[in-house]
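**Student:** Take a look at the following structure, please.
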Amino acid sequence: MTASQSDYTLEALDRNDLRKELIGELEELRSHKQLSKEQVAVVLGQWYHPLHYFPVFLSRLIAVSPRIEIQTQVSRILWQELGSGDSKNAHELLYISTMTDAGFERDQIAGAAPFENTERLVAGYEQASEGFLTGLGFLYSTEVADLAMVSSIGKLVRQTSGTRALPWLDIHIAQEPDHVESSSQTLRPSFAAEERRQIIESGERMWSLWIDFFKSIKEAIY
């Protein structure tokens, strides 16, 4: 893929209307200042499910990727997701400890039954990681939206609990630039036009699933 072809793939995703719609859903969610602790707990309990599955998705993507340079970039993200060699810094464990320290019960965070759209979201990640092109579309589109999603949840938790220290949010702020860079690099190798189409369509599917995920949460808590 030439530089212009690579840029086209990235720009097609970055400027996509579904990405903008997802950001709009997040802005609406975080704009509410009067959510109860129970309502925020619903958000936390649903978020746990894709968070829990994400390292599995990354592992599967590494396994199906035929190119070492792609495997290297994805493994960098997986390494950080799992704590960079220290399991207590794994994002899932930090999420649970951060939210229990903020006053939420562990069962609210890691024991809530998934909504139907939450199950569809996790199933989407599983299906996407069956092929490396669809997996790359899911990966890039996740990483360029992840900090906005995490920051929105962090704002709700702070508003509800009064807690300022959120290590789970802090580690995303520190590591997300690496994740965006690595996921961008996975799209730099040479891809045919049909392959680029699959990557872009996969990214669009991911955003659609996340939009439905947040819509279900809003329906449940409002």
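Please treat every number below as a calculation from the coordinates, not as lab data. Keep in mind it's a predicted model, so treat the numbers as computed, not measured. Reconstructed Cβ throughout: ideal geometry from the backbone, glycine too, with neighbour counts over all protein chains shown.
**Student:** From the phi of every residue in the range 83-94, what ³J(HN,Hα) in whole Hz does the Karplus formula 6.51 cos²θ - 1.76 cosθ + 1.60 yield, where θ is phi - 60° and glycine or proline is x?
**Tutor:** Values, residue by residue: x, 6, x, 10, 4, 5, 9, 4, 4, 4, 5, 5 Hz.
**Student:** Here is a follow-up. Give the shape of the range 41-92 as rounded, prolate or oblate, defined through the alpha-carbon gyration tensor: a ≥ b ≥ c are the square roots of its eigenvalues, a/c under 1.5 means rounded, and otherwise the shape is prolate if a/b is larger than b/c and oblate if not.
**Tutor:** Oblate is the answer for the range 41-92, as a/c is 1.5 or above yet b/c matches or exceeds a/b.
**Student:** Given charges of +1 on the Cβ of Lys and Arg and -1 on the Cβ of Asp and Glu, with all other atoms neutral, how large is the dipole of the range 1-87 about its Cα centre, in debye to the nearest 20?
**Tutor:** 180
**Student:** Take the Cα atoms of the chain, build their convex hull, and give its volume per residue in Å³.
**Tutor:** Enclosed volume per residue, from the Cα hull, is 107 Å³.
**Student:** Rounded, prolate or oblate for the range 80-156? Axes are the square roots of the Cα gyration tensor eigenvalues, ordered a ≥ b ≥ c, and the cut-off for rounded is a/c under 1.5.
**Tutor:** It is prolate, given that a/c is not under 1.5 and a/b is the larger ratio.
**Student:** Next question. Within 12 Å, Cβ to Cβ, of PHE213, how many net charges do the neighbouring residues add up to if Lys/Arg are +1 and Asp/Glu are -1?
**Tutor:** -2
**Student:** Exposed loop trypsin sites (Lys or Arg not before Pro) only (DSSP loop, at most 12 other Cβ atoms within 10 Å): please give the longest stretch of the chain free of them, not including the sites.
**Tutor:** 68-163
**Student:** With loop defined by DSSP as not H, G, I, E or B, and exposure as at most 14 other Cβ atoms within 10 Å, which is the longest segment of the chain clear of exposed GluC sites (Glu not before Pro)?
**Tutor:** Looking at the chain, 1-104 is the longest stretch - no exposed GluC sites (Glu not before Pro) with at most 14 other Cβ atoms within 10 Å.
**Student:** Provide the net charge surrounding GLY137, with neighbours chosen by a C-beta distance below 11 Å and charges set as Lys +1, Arg +1, Asp -1, Glu -1.
**Tutor:** It works out to a net charge of 0.
**Student:** Only Lys, Arg, Asp and Glu count, each charged at its Cβ (+1, +1, -1, -1), so figure out the dipole size of the range 110-159 about its Cα centre, rounded to 20 debye.
**Tutor:** My answer is approximately 320 debye.
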